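Engineer: Below is the structure I would like to discuss, written out as structure tokens.
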Amino acid sequence: MDTVKKIFNKSSILVPLVAIVLGLIVGAIAMLAGGYNPILAYTSLLDKLFSTPYNVGEAIRAITPLIFTGLAVSFAFRTGLFNIGVEGQFVMGMTGATIIGVLLDLPWYIHAPLAVITGAVFGGLWASIAGYLKAKRGVNEVISSIMLNWIALFLSNFIVAKFLVEKGQQKSMPIHDSAMVKIDWLIKLMDNARMHWGTLIAIVCVIVFYIVLWRTKQGYELRAVGHNPDAALYAGMNVNVTMVKSMFISGVFAGLGGVFEILGVFGNQTVMASSPGYGFDGIAVALLGGNTPIGVLLGAALFGGLSYGSAGMSFGAGVPPEVVRIVIGAVIFFVASHGLVKWFLKPFLNKRASKRKEAA
Amino acid sequence: MDRSLTAVQLKGITKRFPGLVANDSINFELKKGEIHALLGENGAGKSTLMNILFGLYQPDEGEIWINGQQTVIDGASRAIELGIGMVHQHFKLVQPFTVAENIVLGNEPVKGLKIDYKLANEKVRSISERYGLKVDPQARIKDITVGMQQRVEILKTLYRGAEIVIFDEPTAVLTVQEIEELIEIIRNLAAEGKSIIIITHKLKEVMALADSVTVIRRGKVIKTVTTDETNEQQLAELMVGRDVSFEVKKTKREPGEVVLSVDSLQMKGEQGKNALNGVSFNIRSGEILGIAGVDGNGQSELIYAITGMKKVDSGSVKLNGRDLTNHSPRDVSIAGVGHIPEDRHKHGLVLDFSLSENMILNTYFEPEFGRSLFIDYKAMDMLSDKLVTEFDVRSSGIQTHARALSGGNQQKAIIARELNKDPDLLIAVQPTRGLDIGAIEYVHKRLVQARNEGKAILLVSFELDELYALSDRIGVMYEGKLMGEVDAEQRDDQQLGLMMAGNKQAAEGRG
């Protein structure tokens with residue numbers, strides 16, 4: 001019960017909520033300025049999200065990778081590291097899964113798990129490079145992981161184009177069915193929305209995130225290093241090893257996100273002109289969620305929901321998707337500027353406090 | 001000079017912060033040419049009051065009168081205009097600049113578009129000579145001693161025409177000799193007609209230096225007395241609000257077996273110079289070895305070497321005969337070394353962890369907190385409850401963040417954690433820094449108790465009183481070496497001071 005209280009204390013839930021409302025208002029102003037009807041736009045957004053089983057399913061599909069990347073960013077952040085390389089780790093996860101899925105031919109109960117694990121480990125190892133460089137050489141993980149993003153993108157493209165390519169196409173050969181993790185009965189139920197087991201794994205990861213950080217000795221170490229590396233060192237913890245471990249786990253989350261995009265959704269990997277962007281969105285999700293597991297889940301739902309629903313806004317109210325990005329941007333802006341929202345809330349909170357005083 | 005004139009008069013000053021009255025209708029009077037000490041424990045409201053006088057805070061109620069005129073001081077620049085100067089505890093100097101450059105900064109004499117350095121140097125030299133400060137205007141700040149840097153701060157206020165000088169804890173960073181010189185300088189200033197306020201919690205200096213003293217406790221003025229009509233004991237009781245015993249009860253005790261043996265340690269420092277230059281000593285069980293010395297003479301490196309935080313280049317560290325040279329901090333801790341670090345916020349605690357979580361910071365991996373991968377939080381909380389009771393750590397519960405505890409209670413928590421490991425060797429670095437008298441008493445009591453229980457204790461401190469009160473032997477460190485040892489029972493400040501300044505004869509004279 002205490003932990004629930006910890007997660008949902010008043011300001012931790014109030015500030016994001018108010019931030020979202022402020023963001024929506026700014027978005028409405030932007031739409032009004034552009035000559036669109038914001039009320040119609042927002043209703044068509046909701047309509048798009050909840051109207052048909054297909055849309056609900058597809059929204060969940062869009063939310064799933066954001067849960068993974070949001071967890072990845074948050075996890076590293078809890079250890080005092082800013083893993084901006086989630087994008088690259090995501091791509092490496094995709095590639096790992098594709099390699100196993102295309103090249104091997106195994107019974108499903110081995111093939112699918114193997115592909116998932118390989119992708120996860122690819123992501124983890126990719127992140128560990130930045131962690132190792134930081135621990136051993138003091139290289140700032142922000143710089144190194146940004147660079148690793150580019151390397152991951154082009155390395156993946158190279159692997160796909162050289163070893164896995166389908167003749168005459170800009171994409172890999174299809175993943176063998178034995179490696180796919182689609183949920184067929186649910187797909188039917190949701191009118192062919194692309195449902196897969198990754199969503200369930202994402203929820204499991206939310207729980208794992210919490211257990212690892214707040215229930216295990218390893219997590220105690222990770223958090224100690226995150227809060228105060230000097231004190232951790234004095235207490236005899238191996239700060240460097242802890243950093244690498246943290247990056248590895250973070251990368252595993254990111255890699256899993258990529259894995260399920262391949263094995264659950266697309267069934268092949270394209271040669272990408274630019275990276276898919278889920279990793280960068282994960283930073284925003286982590287921020288929205290205050291780096292807590294439940295927060296990430298909710299943040300991903302909001303972020304993914306808005307992105308997916310934006311198609312409805314363009315269709316129903318003629319609002320261009322760019323304006324939707326403005327809304328999302330405004331929400332993140334207000335969440336990031338806690339101070340601004342608190343300042344906005346202050347007169348209300350003070351009034352309430354003084355009323356309470358008068359009552360007493 | 002005419003002492004009947006009043007330089008500063010504060011009438012009924014009240015300053016409230018959310019949840020706390022820092023100053024509660026304070027009346028304070030500083031006469032011209034007087035040295036007036038403002039005495040109180042940490043958090044008593046001394047600094048708030050002086051920040052109001054220096055224009056950094058605005059009082060909620062009350063009046064400020066300067067030289068018989070009521071004034072509003074709405075900023076430091078207004079305070080400077082009124083002739084008020086402040087020498088801060090932490091100096092605000094530009095390290096690569098010269099003394100003169102620092103002093104004229106913001107108020108430079110100019111010739112055309114250029115700064116007139118010649119005139120600046122001359123001006124600084126003349127003020128320096130007038131007050132007997134002996135500062136070289138052309139020396140660079142980074143090359144001069146802390147004592148000299150403080151004089152530069154004093155010069156800065158004088159250069160800006162200060163008639164009223166506020167000193168904030170001026171002796172905290174000085175050696176014995178430097179303190180004596182500072183006292184001389186402050187007397188000179190007063191003799192020249194400057195009015196002086198000294199913020200301090202050190203009783204001895206108040207008695208040695210001040211004409212009168214105002215004691216503040218919990219934001220209220222308790223009493224203003226002249227130093228002729230009071231004594232240290234009375235001041236301490238006024239300051240704390242109850243009887244205080246300075247005496248640490250310590251019985252003579254025959255030390256036992258050698259616990260820690262350090263042999264010719266060498267460690268490179270940051271600028272290629274040896275930070276440790278062949279340090280050797282032993283500590284026996286039931287013995288406190290105090291380490292005296294001016295900050296930066298290798299004390300920190302010595303602690304790093306023993307605790308495994310930094311690798312030594314040569315020499316050895318043995319605990320109970322077992323070699324621990326260059327072992328990891330965890331090995332050293334498990335082998336039986338407890339450590340109360342100097343900077344409790346940076347090294348001693350994880351401030352954003354709960355008090356309970358902090359209690360297992362260096363033992364969380366032990367099986368008593370869970371045999372599996374998981375932490376047994378129940379065991380942790382049980383231990384914390386026990387320690388909090390035993391060591392009287394006051395907080396609003398063991399789930400409170402360590403950040404919310406007062407300094408004294410944070411230190412008690414660290415001591416509880418370290419003693420609970422039942423170490424053979426306890427290292428305590430500046431264990432009472434920034435604590436008030438009550439907490440200091442407690443920490444001293446616990447250290448002596450640990451010694452009586454047969455632990456070996458290495459105490460590093462810059463407070464000579466503390467070293468004398470607790471130590472059985474005192475070693476003096478200078479430039480990475482032990483200059484020699486003195487017997488703690490024969491107190492000789494003069495000699496100890498000379499040894500701290502690197503005077504070889506003093507060390508040898510001791511024989």
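The numbers here are math on the coordinates, done by the rules we state, and not lab data. For clarity, every value in this text was computed on a predicted model and none was experimentally measured. Using ideal geometry, Cβ is built from the backbone for each residue, glycine included, and neighbour counts are taken over all protein chains shown.
Engineer: How big is the dipole moment of the protein assembly as shown about its Cα centre under a simple scheme where the beta carbon of each Lys and Arg is +1, that of each Asp and Glu is -1, and everything else is neutral? Debye, nearest 20, please. Let's see the in-between values first.
Structural biologist: Details: 89 positive and 88 negative charges, 429 e Å.
Roughly 2060 debye, rounded to the nearest 20.
Engineer: Please give the peptides B:18-24, B:250-256, A:231-237 ranked by average Cβ packing (other Cβ atoms within 10 Å per residue), highest first, as a rough proxy for protection.
Structural biologist: Numbers: B:18-24: 15.1, B:250-256: 11.7, A:231-237: 22.9.
Per-residue Cβ counts within 10 Å, averaged per peptide and sorted highest first, yield A:231-237, B:18-24, B:250-256.
Engineer: Checking the cross-link filter: which lysines have an alpha carbon closer than 24 Å to that of B:LYS504, excluding same-chain neighbours under 8 positions apart?
Structural biologist: In chain and number order, the partners are B:LYS268, B:LYS273, B:LYS481.
Engineer: Test of the criteria: in region B:394-474, which trypsin sites (Lys or Arg not before Pro) are in a DSSP loop and have at most 15 other Cβ atoms within 10 angstrom of their Cβ? Before the final figure, lay out each step's value.
Structural biologist: Values: sites: B:ARG394, B:ARG403, B:LYS412, B:ARG417, B:LYS421, B:ARG433, B:LYS445, B:ARG446, B:ARG451, B:LYS455, B:ARG473; in loops: B:ARG394, B:LYS421, B:ARG433, B:LYS455.
The qualifying sites are B:ARG394.
Engineer: Find the Cα radius of gyration of region B:258-509, compare it with 2.2 N^0.38 Å by division, and give the number to two decimals. Provide the component values of the computation, followed by the final result.
Structural biologist: Details: Rg = 18.4 Å, N = 252, 2.2 N^0.38 = 18.0 Å.
That works out to 1.02 for region B:258-509.
Engineer: Per Stokes-Einstein, at 25 °C and 0.890 mPa s, what whole-number D in µm² s⁻¹ belongs to region A:67-276, with the Kirkwood radius over Cα pairs as the hydrodynamic radius? Could the numbers behind the result be given before it?
Structural biologist: Numbers: Rh = 17.5 Å.
Rounded to a whole number, D works out at 141 µm²/s.
Engineer: What are the residues whose amide H is under 5 Å from the amide H of B:ALA292, where those residues sit 5 or more places off or on another chain and H is modelled from the backbone?
Structural biologist: HN-HN under 5 Å from B:ALA292: B:GLY475, B:VAL476, B:MET477.
Engineer: Suppose R0 equals 25 Å. What FRET efficiency, 1/(1 + (r/R0)^6) with r the Cβ-Cβ distance, do B:ASP323 and B:LYS268 give to the nearest 0.05? Intermediate results must be reported in sequence, preceding the final value.
Structural biologist: Details: r = 21 Å, r/R0 = 0.84.
My answer for the efficiency is 0.75.
Engineer: If amide H atoms are built 1.01 Å from N in the plane of the peptide, which residues on other chains or at least 5 residues away come under 5 Å of the amide H of B:LEU482?
Structural biologist: B:SER280
Engineer: In percent, what relative contact order does region A:67-276 have, based on Cα pairs under 8 Å that are 6 or more apart in sequence?
Structural biologist: Numbers: 394 pairs, mean separation 88.4, N = 210.
Relative contact order for region A:67-276 comes out at 42 percent.
Engineer: Once you keep just the Cα pairs under 8 angstrom separated by 6 or more residues, what percentage relative contact order results for region B:258-509?
Structural biologist: On the way: 483 pairs, mean separation 67.9, N = 252.
Relative contact order, region B:258-509: 27 percent.
Engineer: Let me confirm one metric for peptide B:351-364, namely the mean number of other chain beta-carbon atoms within 10 Å of its residues' beta-carbons. The partial results should precede the final answer.
Structural biologist: Working: counts 3, 5, 6, 0, 0, 0, 4, 3, 0, 3, 9, 6, 2, 6.
Partner-chain Cβ atoms within 10 Å, mean over residues of B:351-364: 3.
Engineer: Right, here's the next one. Work out the FRET efficiency for B:LYS204 and A:LEU17 from their Cβ-Cβ distance, taking R0 = 60 Å, and round it to the nearest 0.05.
Structural biologist: Numbers: r = 58 Å, r/R0 = 0.96.
Once rounded, the FRET efficiency stands at 0.55.
Engineer: Counting helices only, and only those DSSP H runs with n ≥ 4, report the 222 nm mean residue ellipticity of chain B as the sum of -39,500 (n - 2.57) divided by its residues, in deg cm²/dmol to the nearest 500. Could the numbers behind the result be given before it?
Structural biologist: On the way: 17 runs with 166 residues, N = 511.
Per the formula, -9500 deg cm²/dmol.
Engineer: Kirkwood hydrodynamic radius of chain B from all distinct Cα pairs, in Å? Before the final figure, lay out the partial values.
Structural biologist: Values: mean 1/r = 0.0399 Å⁻¹.
When all Cα pairs of chain B are included, the Kirkwood radius is 25.0 Å.
Engineer: For chain A, what is the calculated [θ] at 222 nm in deg cm²/dmol (nearest 500), taking -39500 (n - 2.57) for each run of four or more DSSP H residues and dividing by its residue count? Intermediate values should be presented prior to the final figure.
Structural biologist: Details: 16 runs with 273 residues, N = 360.
It lands at -25500 deg cm²/dmol.
Engineer: Add +1 for every Lys or Arg and -1 for every Asp or Glu among the other residues with Cβ under 15 Å from the Cβ of B:GLN233, and state the total. Each step should come with its number before you reach the end.
Structural biologist: Values: positive: B:LYS202, B:LYS204, B:LYS223, B:ARG242; negative: B:GLU229, B:GLU232, B:GLU237, B:ASP243, B:GLU247, B:GLU441, B:ASP465.
Local charge sum for B:GLN233: -3.
Engineer: Viscosity 1.567 mPa s, temperature 4 °C: give me the Stokes-Einstein translational D for region B:6-240 in µm²/s, with Rh taken as the Kirkwood radius over C-alpha pairs.
Structural biologist: Numbers: Rh = 18.3 Å.
D = 71 µm²/s.
Engineer: Report, as an integer, the average count of C-beta atoms from other chains found within 10 Å of each Cβ along A:217-230. Please list the in-between numbers first.
Structural biologist: Numbers: counts 11, 4, 3, 12, 2, 0, 4, 7, 1, 2, 6, 11, 2, 8.
Mean shielding by partner chains, rounded to a whole number: 5.
Engineer: Another one. Would you please state the base-10 log of I(q)/I(0) at q = 0.16, 0.24 1/Å for region B:347-422, with intensities from the Debye formula using one equal scatterer on every alpha carbon?
Structural biologist: -0.49, -1.10
Engineer: Shifting gears a bit: Given points 7 Å out from each Cα along the Cα-Cβ axis, report the B:ASP385 to B:LYS310 separation in nanometres with one decimal.
Structural biologist: 4.3 nm
Engineer: Hey, could you grab the Kirkwood Rh for chain A? Inverse mean 1/r over distinct alpha carbon pairs, Å, one decimal.
Structural biologist: On the way: mean 1/r = 0.0464 Å⁻¹.
Across chain A, the inverse of the average 1/r is 21.5 Å.
Engineer: Checking a compactness column here: for region A:17-81, what do you get for Rg(Cα) / (2.2 N^0.38 Å), N being the number of residues? Kindly include the intermediate steps, with their values, before the conclusion.
Structural biologist: Numbers: Rg = 16.2 Å, N = 65, 2.2 N^0.38 = 10.7 Å.
Region A:17-81 yields a ratio of 1.51.
Engineer: Suppose every Lys and Arg Cβ carries +1 and every Asp and Glu Cβ carries -1, with no other charges. What dipole size does region A:129-272 come out with about its Cα centre, to the nearest 20 debye?
Structural biologist: Numbers: 13 positive and 8 negative charges, 51 e Å.
The calculated dipole for region A:129-272 is roughly 240 debye.
Engineer: Would you work out if region B:170-211 is rounded, prolate or oblate? Take a ≥ b ≥ c from the square roots of the eigenvalues of the alpha-carbon gyration tensor; rounded if a/c is under 1.5, else prolate when a/b is larger than b/c, oblate otherwise. Intermediate values should be presented prior to the final figure.
Structural biologist: On the way: a/c = 1.99, a/b = 1.36, b/c = 1.46.
Cα axes put region B:170-211 in the oblate bin.
Engineer: Could you pull out the pairs from A:LYS134/B:LYS310; B:LYS134/B:LYS156; A:LYS182/A:LYS245 whose alpha carbons sit more than 25 Å apart here? Please report the intermediate quantities before stating the final value.
Structural biologist: Details: A:LYS134/B:LYS310 19 Å; B:LYS134/B:LYS156 14 Å; A:LYS182/A:LYS245 31 Å.
Correct reply: A:LYS182/A:LYS245.
Engineer: Where in chain A are the helices, taken as whole DSSP H runs, whose Cα atoms extend 27 angstrom or more along the long axis and whose Kyte-Doolittle mean reaches at least 0.0? Could the numbers behind the result be given before it?
Structural biologist: Numbers: long enough: A:10-33 (34 Å, 2.29); A:53-78 (37 Å, 0.83); A:108-137 (43 Å, 0.74); A:239-260 (32 Å, 1.45); A:293-317 (34 Å, 1.22); A:338-359 (30 Å, -0.80).
Span-like helices in chain A: A:10-33, A:53-78, A:108-137, A:239-260, A:293-317.
Engineer: Nearest 5 is fine: what % of DSSP beta bridges in the protein assembly as shown come out antiparallel, could you say? Walk me through the numbers before you get to the answer.
Structural biologist: On the way: 51 of 87 bridges.
Antiparallel bridges make up about 60 percent of those DSSP assigns within the protein assembly as shown.
Engineer: I need the helices of chain B that pass two filters: whole DSSP H segments spanning 18 Å or more by Cα along the axis, and mean Kyte-Doolittle score no lower than -1.0. Write out the running numbers ahead of the final one.
Structural biologist: Numbers: long enough: B:117-130 (20 Å, -1.14); B:146-159 (19 Å, 0.08); B:176-191 (23 Å, 0.49); B:377-390 (19 Å, -0.26); B:407-420 (20 Å, -0.74); B:437-452 (22 Å, -0.22).
Those that pass (Cα extent of 18 Å or more, hydropathy at least -1.0) are B:146-159, B:176-191, B:377-390, B:407-420, B:437-452.
Engineer: Tell me the volume per residue, in Å³, of the convex hull enclosing the alpha carbons of the protein assembly as shown. All intermediate terms of the calculation are to be shown ahead of the outcome.
Structural biologist: On the way: hull volume 210.1 nm³, N = 871.
Normalising the Cα hull of the protein assembly as shown by residue number yields 241 Å³.
Engineer: Another question about this same structure. Two decimals, Cα atoms only, Kirkwood Rh: what is Rg/Rh over region B:1-81?
Structural biologist: On the way: Rg = 12.7 Å, Rh = 13.1 Å.
Value, to two decimals: 0.97.
Engineer: Give me the distance in nm between label points sitting 7 Å out from Cα along the Cα-to-Cβ direction at A:THR52 and B:GLU129, one decimal.
Structural biologist: 9.7 nm
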